[in-house]
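> Right, I'll just put the structure down here and ask away after.
Readers should treat all values here as calculations from the given coordinates under stated rules, not as data from a laboratory. Remember, it's a predicted structure, so these values are computed and weren't measured experimentally. Positions of Cβ are backbone-derived with ideal geometry, glycine not excepted, and every protein chain shown enters the neighbour counts.
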């Protein structure tokens with residue numbers, strides 16, 4: 001017998017999502033892990049000798065960096081001796097100035113910062129955000145991308161986003177080699193829609209730096225930092241290397257912010273049993289210690305992971321508040337798709353929308369979700385009117401302004417024609433009148449003609465490697481009659497020389513005046529206590545009937561009987577002939593035998609081998625033991641390949657085509673959404689890899705994009721990756737495999 005009411009409830013969008021019970025030992029806990037340390041700080045002769053219960057001789061690289069660069073030892077004793085609840089009350093007390101809290105926070109250790117925010121309810125944290133935000137004027141950031149990487153559509157969408165009031169516009173690419181053209185299109189389009197909009201292109205850091213040097217971007221892709229040493233090391237980074245990279249951007253007048261977020265270390269398999277919030281507090285102190293003006297935080301692409309746990313959304317709000325307490329600009333998430341439920345999605349947004357943050361979203365999809373290459377987007381162009389009404393209903397500035405259709409059509413056409421003129425001047429593949437007409441009125445990239453992808457990629461490489469810079473863009477625009485756009489692009493270069501927009505939390509207002517924490521400081525001061533869920537009642541609230549125990553997933557994985565079909569035949573040798581190596585993760589075909597999409601590993605490997613054979617190229621199979629990261633698996637395989645080309649595959653099915661000459665985090669092709677890969681796709685991946693190996697030109701493999709996959713499968717992804725990570729043998733070289 002079933003209750004019809006419960007049957008209807010089971011059909012609700014909220015019940016398409018994943019809810020789990022906490023598992024602290026692997027970091028699946030949002031706040032207050034039993035393994036989190038208690039606050040402590042001991043200083044002897046001006047040197048930190050103990051921090052959060054860890055003696056100096058036991059410090060990891062993050063502890064050393066925080067102790068040396070992030071803590072203000074002049075106020076540390078006073079800050080650590082001030083009761084956490086007292087500081088929490090100061091955060092909501094309208095009589096305590098923001099500057100007082102900023103000073104105390106500089107002397108707080110990660111555990112102390114966490115202890116402070118744990119005293120606060122969600123309402124109190126929102127009050128803290130209202131007072132601690134760096135810049136008085138809130139703003140918003142847009143995502144402008146499209147699946148076809150179409151330059152006219154990118155320029156038109158960027159022009160519209162600028163017109164709608166977005167202070168920053170961020171683009172990215174489906175294929176890394178398109179990056180220079182995408183950056184160029186968004187730069188030109190943004191300065192058509194409204195002067196002073198900051199733009200960036202999210203790609204691999206070295207490429208991103210080169211785009212900035214050429215003046216094609218005005219702020220950098222965010223620099224990722226992590227809360228545990230193993231996560232840092234697995235990414236081939238340290239806090240010092242990130243600080244050096246941040247300084248490299250600043251030296252060229254490029255605004256930079258770091259990024260981190262609740263759940264990242266757990267997702268990457270290196271949580272050390274600490275809560276997501278505690279590890280995020282460490283990230284934020286690294287960010288401050290490195291001298292970054294701000295941070296993109298709010299769990300970002302990991303958001304479905306903390307949301308699967310009790311208190312996860314509260315933890316995300318807490319990390320925003322900690323960042324503000326440290327004086328950082330905060331781009332507060334709300335960008336990646338967070339829920340199937342419109343109610344839940346909007347409720348989470350209100351935590352930042354109502355009190356205001358420096359950037360309420362760290363990117364709002366100013367394009368349809370179909371075209372959002374950042375993973376779907378929490379809000380998109382279809383919800384702009386909802387946003388406007390919310391601003392009106394609550395008398396809140398959410399960083400956007402209403403616009404009329406005729407205004408939008410005008411700037412979209414002008415933006416598309418401006419990039420057309422630049423392409424003509426540079427001798428790039430022409431943008432036709434049909435493309436312009438389609439881009440002006442398009443809903444998404446399905447409405448615009450296809451372009452010659454190979455020719456566009458070649459043009460992008462010329463732009464990246466050649467002498468062309470933003471100055472040539474200015475000349476091309478001026479000569480084509482786009483005087484206003486040329487003036488705006490040139491002024492963006494002049495502002496880089498001046499450097500004022502490198503101030504904390506800086507954006508441009510009208511006529512390029514800088515609005516920042518220095519020129520437009522937050523001056524909010526104004527109360528209370530209230531109800532909070534705790535104790536037995538909190539235990540009842542978090543004990544959802546649909547929350548499953550993550551232990552059982554791995555137990556079920558272990559219960560499946562397996563046969564040995566991959567035989568290790570010795571150390572992998574360096575190849576000396578044209579070939580493709582298929583590099584497998586540590587658990588592939590052994591501890592794990594299916595991808596997250598349910599494909600048998602034998603079938604996946606057979607499909608890739610068949611694709612390689614179809615192109616007449618030989619193949620070898622090796623197992624990589626020292627890492628579980630897909631990029632580094634592929635990179636390691638490429639070092640062994642006689643052609644320098646390899647396919648890297650994680651056990652969950654994520655795959656990359658890599659080349660020896662590329663940096664580890666660059667690639668020829670990346671296939672991150674493993675649930676959407678079928679055997680035909682894996683076969684085509686093999687064919688493309690073979691064509692790269694013998695130097696044949698080839699178009700990237702088309703793949704299906706499902707923007708809800710992360711919501712459905714992020715916990716399973718985390719657990720599969722955890723199992724793969726557990727098989728790592730750091731000092732073991734790759735092994736040659738025979739397929740039986």
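> Could you tell me which of rounded, prolate or oblate describes region 139-244, using a ≥ b ≥ c as the square roots of the eigenvalues of the alpha-carbon gyration tensor, with rounded for a/c under 1.5 and, failing that, prolate when a/b is larger than b/c and oblate otherwise?
Prolate shape, in that a/c is at least 1.5 and a/b is the bigger ratio.
> Could you calculate the contour length gain from residue 233 to residue 73, that is, 0.36 nm times the residue separation minus the distance between their Cα atoms, to one decimal place in nm?
54.8 nm
> Only bridges whose two residues both fall in the chain count here: according to DSSP, what percent of them are antiparallel, nearest 5?
Antiparallel bridges: around 45 percent, rounded to the nearest 5.
> Same structure again: May I ask you to derive the FRET efficiency for residue 525 and residue 49 from their Cβ-Cβ distance with R0 = 45 Å, giving the value to the nearest 0.05?
For R0 = 45 Å, the calculated efficiency reads 0.75.
> Relative contact order of region 170-239, please, whole-number percent, based on alpha carbon pairs below 8 angstrom and at least 6 residues apart.
Reported as a whole number, the value is 27 percent.
> Taking only DSSP H segments of four or more residues, each worth -39500 (n - 2.57), what value at 222 nm results for the chain once the sum is divided by all its residues, to the nearest 500 deg cm²/dmol?
-13000 deg cm²/dmol
> Using every pair of alpha-carbon atoms in region 552-739, split the distances into 5 Å bins beginning at 0 and state the percent of pairs per bin, rounded to integers.
The distribution over region 552-739 is 1, 9, 18, 23, 22, 15, 8, 3, 1, 0, given as percents.
> Would you please report the Å³ per residue occupied by the convex hull of the alpha carbon atoms in region 680-733? Intermediate values should be presented prior to the final figure.
On the way: hull volume 7.3 nm³, N = 54.
With only Cα atoms used, region 680-733 gives 135 Å³ per residue.
> OK, next. Once you have the Kirkwood Rh of the chain from its Cα pairs, apply Stokes-Einstein at 4 °C and 1.567 mPa s and quote D in µm²/s.
49
> Moving on to the next point. Rounded, prolate or oblate: which fits region 422-482 when a ≥ b ≥ c are the square roots of the eigenvalues of the alpha-carbon gyration tensor, with rounded for a/c under 1.5 and prolate only if a/b beats b/c?
Cα axes put region 422-482 in the oblate bin.
> Quick one: if the Förster radius is 22 Å, what FRET efficiency do residue 396 and residue 518 give, using the C-beta to C-beta distance and rounding to 0.05?
E(calc), rounded to 0.05, equals 0.35.
> So for region 552-739, averaging the separation of alpha carbon pairs under 8 Å that are six or more residues apart and normalising by length, what relative contact order in percent results?
33
> Taking 0.36 nm per residue of sequence separation and subtracting the Cα-Cα distance, how much length would be gained by fully extending the chain between residue 213 and residue 493, in nm to one decimal?
Full-extension gain reported as 99.7 nm.
> With the contact rule set at Cα under 8 Å and sequence spacing of 6 or more, what percent relative contact order holds for region 34-114?
36
> Another question about this same structure. Determine, for each peptide in 458-469, 672-683, the mean count of other beta carbons within 10 angstrom over its residues, then list the peptides with the highest first.
So the peptides 458-469, 672-683, ranked by packing, come out 672-683, 458-469.
> Compute the separation of the alpha-carbon centres of region 243-310 and region 661-740 and state it in Å as a whole number.
First find each Cα centre; the distance between them is then 25 Å.
> With a/c under 1.5 counting as rounded, go ahead and sort region 1-156 into rounded, prolate or oblate using the C-alpha gyration tensor (a ≥ b ≥ c being the square roots of the eigenvalues; past the cut-off, prolate if a/b is larger than b/c, else oblate).
Prolate, since a/c reaches 1.5 and a/b exceeds b/c.
> So if each residue of separation counts as 0.36 nm, and I subtract the Cα-Cα distance between residue 241 and residue 340, what length gain in nm does that give?
Numbers: separation 99, 0.36 × 99 = 35.64 nm, distance 3.82 nm.
Gain on stretching residue 241 to residue 340: 31.8 nm.
> On a C-alpha basis, how far is the centre of region 630-649 from the centre of region 315-374 in Å? Whole number, if you could?
Cα centres, region 630-649 to region 315-374: 36 Å.
> Quote the FRET efficiency, to the nearest 0.05, computed for residue 614 versus residue 136 with a Förster distance R0 of 56 Å and r equal to the Cβ-Cβ distance. Kindly include the intermediate steps, with their values, before the conclusion.
Details: r = 62 Å, r/R0 = 1.10.
The formula returns an efficiency of 0.35 here.
> For region 295-395, list log₁₀ I(q)/I(0) at each q in 0.17, 0.21 Å⁻¹, using the Debye formula over Cα point scatterers of equal strength and ignoring solvent, two decimals each.
Result of the Debye calculation: -0.74, -1.13.
> Post the alpha-carbon centroid distance, region 383-443 to region 1-48, in whole angstrom.
41
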